[in-house]
Amino acid sequence: MPLESAQALGTTSGERRDTLTITDNRTGKTYEIPITDDSIRAIDLRQIKVNPDDFGLLSYDPAYLNTASCRSAITYIDGDRGILVHRGYSIEQLCEHSTYLEVAYLLIHGHLPTRTQLDQWVHEITYHTFVHENIKKFMEGFRYDAHPMGMLMASVAALSTFYPESKRIDDPWQNHISAVRLIAKMPTLAAFAYRHAVGLPYVYPNNDLSYPANFLSMMFKIGDAPYEPDPRLVRALDVLLILHADHEQNASTSAVRSVGSTHVDPFSAIAAGIGALYGPLHGGANEQVLQMLNRIGKVENIPAFLQGVKERRELLMGFGHRVYKNYDPRARIIRKYVDDVLAVTGMNPKLEIAVELERQALADEYFVSRKLFPNVDFYSGIIYEALKIPTDMMTVIFAIARTAGWIAQWLEMINDPEQKISRPRQIYTGPLNLTYVPLDQRG
Ligand code: ACO
């Protein structure tokens with residue numbers, strides 16, 4: 001509400017008020033804006049006008065560096081202290097005691113399940129892993145060298161046509177079964193994409209296996225021989241899935257929320273999230289880490305490579321994070337599993353380069369002063385490679401894991417009465433009032 005002057009606020013009394021006083025020096029008017037949860041509402045700025053016809057003041061925030069788009073009770077991150085918490089539980093506790101499917105339940109339902117609830121949830125997911133046979137034909141249409149993220153994105157979008165009832169997003173049962181279908185079928189679609197690329201027959205889900213073991217089976221089983229992955233590999237994969245399950249309002253989750261805000265079905269919204277995750281600055285980073293380690297080739301080449309990064313000829317992939325300006329807690333956890341996996345699979349020369357690269361970067365003023373630390377993708381790529389997962393499947397596994405978070409965030413968004421269709425404003429910088437010139441008169 002506009003006030004006549006700053007003095008009218010009575011700030012001399014000394015009592016604390018959760019408000020922000022803004023003086024518009026164009027008009028001399030002063031406004032008092034409420035502060036809630038250390039935030040002001042951007043819409044409160046709109047009352048600040050030069051004259052009654054003025055649209056009102058906008059906040060300009062390219063890349064959303066300082067804009068909260070929602071209230072959320074799902075994931076908490078303290079980037080400066082390197083803390084990640086899901087529904088109140090630290091990522092360290094979840095990685096030590098839980099499984100991916102239990103964490104998915106936690107994210108989506110808001111609480112840890114009882115034994116009966118967990119058994120029911122795991123049963124539902126396990127018995128929805130099969131996909132319609134037409135999906136196989138659909139997969140056949142892709143070229144042999146199609147990137148599996150493109151195949152996953154397209155086939156998840158296609159699922160919306162197999163389940164048209166999923167657009168009834170005001171029906172809790174539909175939303176539940178969509179969530180189950182998405183989590184259950186994502187590994188099947190991902191493995192089918194891989195088998196298509198390598199020209200191997202598709203392997204159907206095995207309901208006797210755990211969620212991560214079944215994924216490895218669909219990826220690598222040959223013929224009728226039983227496929228029994230080492231439990232240490234299965235556990236490392238499960239922990240990787242937990243680590244990637246949710247990360248609050250990142251680019252892909254914002255894409256899911258933004259597309260979902262149109263009230264489209266969840267398959268279409270999550271296909272949009274997969275598109276965002278595909279980018280090399282987001283989920284594509286672990287693939288880029290492996291390519292970078294391949295290019296470096298040997299430990300002796302590291303100083304020259306880091307010099308190139310400092311000269312801004314390239315990025316040190318797997319380093320840096322928009323939110324963590326400290327060690328990514330997920331990187332610390334996954335580092336421990338690298339040793340477990342390599343004990344099974346044997347030493348990987350890329351790990352040697354990765355460890356030395358990390359050591360040299362963390363001792364270098366350039367990276368230290370910019371608070372650039374390894375993120376989760378720095379080591380996840382090494383584990384995937386040890387598991388014999390090809391580079392272009394790494395982001396696909398990230399997408400499998402993030403599905404739980406995307407669904408939880410989507411459900412929170414559609415049930416939030418404050419949310420509307422997502423529609424940012426812009427500051428127009430182009431011309432106005434040009435006169436159209438017919439084509440044959442243009443120079
Ligand atoms: N290598 C070299 N320099 C870097 C890197 C990097 N990986 N990341 C940031 N910097 C530098 C920037 O050049 C900038 O330097 P300057 O201040 O001298 O101009 C400074 O550090 C600050 O960087 P910003 O660009 O402000 O960081 P931002 O928060 O916008 O970017 C991002 C975060 C996109 C993750 C970035 O660090 C990056 O590109 N990292 C490599 C890709 C990567 O690993 N992505 C995975 C992210 S985690 C995930 O998606 C699971």
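Where in region 251-337 are there helices (runs of 4 or more DSSP H), lying fully within it, with 3 or more residues that are more than 16 Å from the ligand (Cβ to nearest atom)? So that I can check it myself, show each step before the final result.
Values: elements: 251-260, 266-277, 285-296, 302-310.
Here the list reads 251-260, 266-277.
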Item checked: Spans of helices (runs of 4 or more DSSP H) in region 20-130 with at least 3 residues charged (D, E, K, R) -> 115-126
Check: What about Gly141, is it within 17 Å of the chain's Cα centre (by Cα) and surrounded by fewer than 17 Cβ atoms within 10 Å (Cβ to Cβ)?
Finding: no
Note to self: I'm trying to understand the selection: among the residues of region 230-258, which are more than 22 Å from Val85 (Cβ to Cβ), free of Cβ contacts under 8 Å to residues at least 40 places away in the same chain and open to solvent by 30 Å² or more (accessible area, probe 1.4 Å)?
What the structure shows: Pro231
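Okay, residues lined up against (1) without any contact (Cβ under 8 Å) to a residue 24 or more places away in the chain; (2) loosely packed, with under 15 Cβ neighbours inside 10 Å; (3) over 27 Å from Tyr327 (Cα atoms):
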position	(1), (2), (3)
Ala68	no, yes, no
Cys95	no, no, no
Ser98	no, no, no
Leu106	yes, no, no
His109	yes, no, yes
Thr116	yes, yes, yes
His123	yes, yes, yes
His128	no, no, yes
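Residues checked against (1) closer than 30 Å to Met149 by Cβ; (2) touching a strand residue (DSSP E or B) at 6+ places or on another chain (Cβ under 9 Å); (3) in a helix (DSSP H, G or I):
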position	(1), (2), (3)
Ile382	yes, no, yes
Ile407	yes, no, yes
Glu412	yes, no, yes
Asp416	yes, no, no
Thr435	no, no, no
Check: Gly82 passes all but one of (1) in contact (Cβ under 8 Å) with a residue 60 or more places away in the chain; (2) small (Gly, Ala, Ser); (3) open to solvent by 50 Å² or more (accessible area, probe 1.4 Å); which number fails?
Finding: (3)
Next item on the list: For Ala354, indicate whether it is within 19 Å of Glu287 (Cβ to Cβ) and in the same structural domain as Asp230 (by TED's automatic domain parsing).
Entry: no
Margin query: Can you find a residue that is within 10 Å of the ligand (Cβ to nearest atom) and either open to solvent by less than 70 Å² (accessible area, probe 1.4 Å) or at pLDDT 90 or above (or both) anywhere in region 356-363?
Written below: yes
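The values are calculated or read from the model by the stated rules, or taken from the named source; none is laboratory data. Here the structure is a predicted model, which means the values were calculated and not measured. Don't worry about glycine lacking a Cβ; one is built from the backbone with ideal geometry, like all the others, and counts go over all protein chains shown. Accessible surface areas use protein heavy atoms only, side chains included; no ligands, DNA or RNA. Shrake-Rupley method; radii C 1.70, N 1.55, O 1.52, S 1.80 Å.
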